[in-house]
Amino acid sequence: MLYYVTGGRYADTTFSTLLEPAPPLGPFATHEEALEAWRQRARATIDFASVRFQITWRDDAGEPPAPTPHAPGAVA
């Protein structure tokens, strides 16, 4: 399984409309590697309330998956 860090700047803090996708990071061979990359990117953008990143994955080779909207009421 390949892991990626995806996300970017969203329209607002509901995180349902992605305005400016950031270039995906990855692929990473393990979730732990992706988590460390996510931490670095999240720390770099901590002051921006409408920026959010997530770890996504693929079971096959190909393009990284696109960020997905967070479910209503989800804690990320």
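Do you know which of the residues in segment 19-56 that are surrounded by fewer than 15 Cβ atoms within 10 Å (Cβ to Cβ) and of a type in the set (Val, Ile, Thr) is modelled with the highest pLDDT?
Ile46
When segment 15-44 is examined, which residues are found to be without any contact (Cβ under 8 Å) to a residue 24 or more places away in the chain and part of a loop (DSSP other than H, G, I, E, B)?
Pro23, the sole residue that qualifies.
The values are calculated or read from the model by the stated rules, or taken from the named source; none is laboratory data. Quick caveat: nothing in here was measured; it's all calculated off a predicted structure. Methodologically, a virtual Cβ is constructed for each residue, glycine included, from the backbone with ideal geometry; neighbour enumeration extends over all protein chains shown.
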